[in-house]
């Protein structure tokens, strides 16, 4: 077998899974009296054969979205031996193109990606997720029927379950096996590897196994969501719940700091002192996460809108308000200059003062 960047042996963990399914199938044949419905034979056989065919084939990987997270994931895949990672750089800035190339990514049209790749990750800002899915589907439809192959398409973006279910419907009746994925944590680095939580329709568990095995083999940390009730929408629900807690908290902290500052600088100083004697753990959150939030506020605003749709009811208004706050910070980050004493200055000043306070506790 040629050992180029796209032809790999079975991952040990997936070999074990394959043996497990085969053993279940064998035992059912040997002891039919303990079997359930006859169609379970077909389900197990179909899953085993599909798992084998997908894993024994060569895998060429594409990752759409060469941002901070996407490029870091691509670099991890490339550095771990996955070969060049295909992506689409149409309309991307010079900085994005440079970052992509440094991460082992090569430009290709959507048609080329569909024709050549067997696994596609989508890692884009949430508001772009639907457009990317449509581009993939359109490129697939342009291929001649005879040229269409099984493709695993994992949408790894922060959208709510309803959005992801609508997206999954686009691929019904195609050979594109859609996975619902989310990324939690900071971009891959020497000291960090974010969790990629993935769920699938019950008919696509074999594709979930393949995606997990290939991704793990090439350095990513994938956690498949399986078991009772698991399906499309569950990974996204996890992301929305996590974002509501973590990013919602960041938004409320920023909102409260700006409200205190609007009252008076003395109020902001008083808030800092009150937090230091009652909730110093929140000061640590402010110090660590608000500086990271400011340049990402534009995309966090859309994410909070998705969270609002997820929680529904009266509670949704809370996250609509946080989304507006992030929009405000995003605009300030774009238009304000340091020293203008605007929103960004107020937030960063509170962060600096919090650092000093924590250091003295």
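The values are calculated or read from the model by the stated rules, or taken from the named source; none is laboratory data. Remember, predicted model here, so these are calculated numbers, not experimental data. Glycine also receives a Cβ, built like all others from the backbone with ideal geometry; neighbour counts cover every protein chain displayed.
Among the residues of the stretch 49-93, the one identified as at pLDDT below 90, within 19 Å of residue 221 (Cα to Cα) and not in a helix (DSSP H, G or I) is 59. Is the stretch 219-236 home to any residue that is modelled with pLDDT under 95 and over 21 Å from residue 155 (Cα atoms)? Yes, the stretch 219-236 contains at least one residue that is modelled with pLDDT under 95 and over 21 Å from residue 155 (Cα atoms). The set of residues in the stretch 295-318 being surrounded by 20 or more Cβ atoms within 10 Å (Cβ to Cβ) and without any contact (Cβ under 8 Å) to a residue 60 or more places away in the chain consists of 297, 300, 301, 305, 308. A residue that is without any contact (Cβ under 8 Å) to a residue 40 or more places away in the chain, under 22 Å from residue 205 (Cβ atoms) and more than 22 Å from the chain's Cα centre (by Cα) occurs somewhere in the stretch 145-158. Take residue 165 and tell me if it is within 18 Å of residue 299 (Cα to Cα) and either touching a residue at least 40 places away in the same chain (Cβ under 8 Å) or within 12 Å of the chain's Cα centre (by Cα) (or both). It is false that residue 165 is within 18 Å of residue 299 (Cα to Cα) and either touching a residue at least 40 places away in the same chain (Cβ under 8 Å) or within 12 Å of the chain's Cα centre (by Cα) (or both).
Of all residues in the stretch 173-204, those that are in contact with a strand residue (DSSP E or B) (Cβ under 9 Å, 6 or more places away or on another chain) and surrounded by fewer than 18 Cβ atoms within 10 Å (Cβ to Cβ) total 7.
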